[in-house]
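FYI, it's all coordinate maths here, none of it is from the lab. Remember, predicted model here, so these are calculated numbers, not experimental data. So basically every Cβ, Gly included, is an ideal-geometry build from the backbone, and we count neighbours across all protein chains shown.
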Amino acid sequence: MLLPIYGDPKLTDTSFRQFLLADRRNLLLAGIAIAVIIVNLVIFKWIYPYMDITPDSESYLTAAAYHLQADLWPVGYSRILELQHSLLRSETGLMAFQYLCLQTGAFFLYFTILYMLRPGKLFTYGAWLFLLINPLFLYLSNYIITEALFLALGFTWFALLLWVRYKPGTLVFLLHGVVLAVAFTMRYNAMFFPVVALGAILPARAAAWKKVYAIALPLVLIGAFIWYTSYQTYKLTGVRKFSVFSGWQLANNAMYMLPYIAYDTTGLPAHLQGLHRYAHQFVKSKLFNPEEATLPAGAYYMWTQNGPLKVMLASYMKKHKVTDSYTGWARVSDAYSDYGKFLIKKHPLAFATHFWLPNVVEYLRPGTEMIGNSNRNKIGTPGVMRQWFRNTPVLINDRFPQLQPFLMSKYTFLFIFLQLAFIEEIIRFIYLKRHKYVALIFNQVMALFVTFQLVHFCFSTLAAPVVLRYQAMLIVLLAFGVLLLIEKNDNTPIWSDTAEPVPDI
């Protein structure tokens, strides 16, 4: 009988807790990781004493300061800001909280993989180092945006998916459903998570009623959040709508084709005639900036002040005497959604050519966008932020202004490399027939990695312009997958039929 040369062939019946606490190597890895994380925080906060912002930061802080129950963005992050503010009114405290949550989620996924797959030294120490010396985690945690906490929840959710495949049970299904729902309250990007989850739940070794429970729980929780948000939006604006932002995003995506299509009103609903006419006039006028109307530059048609969406919003608010901008956004959102759908249905090839295909390119080599440079030293500190944090300055200066652009720009190349390496290793894995000689759980884990990447690709390239911060979770999963596959492909792991399975908890 040939024993596997990949991992430890003599697995004992240890629980996950024992695996973490009773194994000297794992205790050492965890202990050193905690120490390094603390050192990372100290050094980073010496370089960047204050948190950075994006245009979204003011919205999150305003929703937290005024206890808004509905806003342009999901309010889950604002609730966290409120809680943190009630305990500690400190920028350093918020940054540290976000970074520690992010690393906790990442290491929960890391140790879950160690426990289930028992990988070799390349993954054990390579993935460990990657998590600890990853400056992207620090920079994302230093922004008042959802990215860090959403990543923490994303890593935790994916680890729970692995537990669903390995040991499905009521508690695992419960935790999975709650974490997925909470992630959805942070970022609407989590709306594709349930699709990925089906790849773990449906083939799980569990009773049919448990699978129904596992699928239904997050959907019920998310449905309750959608209903509550829609109701609160109705109370504020008179419009019963869950995502005010979605209509704007759809119209923006569709408008990238406008410079390349002829003006045509055939089949256009009457309430969209004015918007359509002005949109075509705008892209042919001096107000239109082709250099900014690109996907890497962001949602140009949504944010430019002289653009069709903002001009029509101002016209609507003036005509109907609306003074609250959120109410204005909500009331025109359905019309913008209709306009986006009209353009896409009428010109599907133009949409694919001028939005989807360029977005695919951006997906493969995402730009750094807002995290490529410090923003606060350029645009100053919003008033709500000065009220939220004590003793925070209006303007800040970076000690090393070129450090962030230098480091963040390297992630575009890293992401390109990881995508190519993952595809190459998957092909080698199949070509060498390694999938026939590995433990079943390894194939299941790889299947989830591939499923996540495929669904993430479809959602990302169709939903909105792609930027680096939206790819952070995938960067880690690709790095993990590449390390695991290299170990498998560079060895010849032949398992016998009597090889011991990975132990239960």
Open item on the list: Once each part is reduced to its C-alpha centroid, what is the distance from region 290-333 to region 340-412 in angstrom?
Closed with: 19 Å
TODO: Mind running the shape call on region 244-372? Use the C-alpha gyration tensor, a ≥ b ≥ c as the square roots of the eigenvalues: rounded below 1.5 for a/c, prolate if a/b tops b/c, oblate otherwise.
DONE: oblate
Open item on the list: Placing unit charges on C-beta atoms (Lys and Arg positive, Asp and Glu negative, everything else neutral), compute the dipole magnitude of the chain about its Cα centre in debye, rounded to 20.
Closed with: 640 debye
- [ ] Pull out the extension gain between Arg79 and Asp23, defined as 0.36 nm times the separation in residues minus the alpha carbon to alpha carbon distance; nm, one decimal.
- [x] 16.3 nm
Open item on the list: What do you get for the angle between helix 403-431 and the principal long axis of the chain? Use alpha-carbon atoms, 0 to 90 degrees, nearest ten.
Closed with: 50 degrees
- [ ] State which stretch of the chain is the longest one without any exposed trypsin sites (Lys or Arg not before Pro), exposure meaning a DSSP loop state and at most 16 other Cβ atoms within 10 Å.
- [x] 90-204
Task: Partners for Lys436 among aspartates and glutamates (Cα-Cα distance below 14 Å; same-chain residues under 8 apart left out) - done: Asp497
- [ ] Name the residues whose placed amide hydrogens come within less than 5 Å of the amide hydrogen of Gly367, ignoring near sequence neighbours (fewer than 5 apart) on the same chain.
- [x] Leu468
- [ ] Kindly express, to the nearest 10 degrees and within the range 0 to 90, the angle between helix 244-255's C-alpha long axis and the longest C-alpha principal axis of the chain.
- [x] 80 degrees
Task: Gyration tensor verdict on region 286-353 (Cα atoms; rounded if a/c is under 1.5, prolate if a/b is larger than b/c, oblate otherwise) - done: oblate
Task: Between region 263-286 and region 191-243, the Cα center-to-center distance that results, in Å - done: 37 Å
Task: Cα lying deepest toward the dipole's positive end in region 244-372, options Gly274, Trp356, Ser325, charges on Cβ - done: Gly274
Open item on the list: Where in the chain is the longest stretch that carries no chymotrypsin sites (Phe, Trp or Tyr not before Pro) classed as loop by DSSP and with at most 13 other Cβ atoms within 10 Å?
Closed with: 264-505
Task: Proximal lysines relative to Lys378, as straight alpha-carbon distance under 22 Å, when same-chain residues fewer than 8 apart are discounted - done: Lys45
Task: Angle in degrees between helix 440-463 and the longest Cα principal axis of the chain, rounded to the nearest 10 - done: 10 degrees
Open item on the list: Rounded, prolate or oblate for region 221-263? Axes are the square roots of the Cα gyration tensor eigenvalues, ordered a ≥ b ≥ c, and the cut-off for rounded is a/c under 1.5.
Closed with: prolate
